[in-house]
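A short worksheet on the structure shown next.
The values are calculated or read from the model by the stated rules, or taken from the named source; none is laboratory data. Computed from a predicted structure; not experimentally measured. Note that each Cβ is placed from the backbone with ideal geometry, even for glycine, and that neighbours are counted across all protein chains shown. Heavy atoms of the whole protein, side chains included, go into the accessibility calculation; ligands, DNA and RNA do not. Shrake-Rupley method; radii C 1.70, N 1.55, O 1.52, S 1.80 Å.
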Amino acid sequence: MDVWEHAYYLDYLNERRRYLEGVADKLLNWEFAEANFIKSPQPPRYSP
């Protein structure tokens with residue numbers, strides 16, 4: 001998420017927390033992200 005003021009100032013003024021909550025709650029598709037995370041290959045495990 002872009003947290004520089006130019007990204008949210010016109011809509012949220014200085015309320016960065018409200019902007020982040022709005023993006024996380026309304027714009028992000030958590031089901032899509034979870035499905036892609038589950039499908040992604042796991043990195044190799046380090047064993048000393």
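For segment 28-48, a residue qualifies if it is of a type in the set (Phe, Trp, Tyr) and over 20 Å from Met1 (Cβ atoms), and exactly one does: Tyr46. Considering segment 16-41, the residues that are at pLDDT 90 or above and assigned to a loop (DSSP other than H, G, I, E, B) include one that is least open to solvent (accessible area, probe 1.4 Å), namely Ser40.
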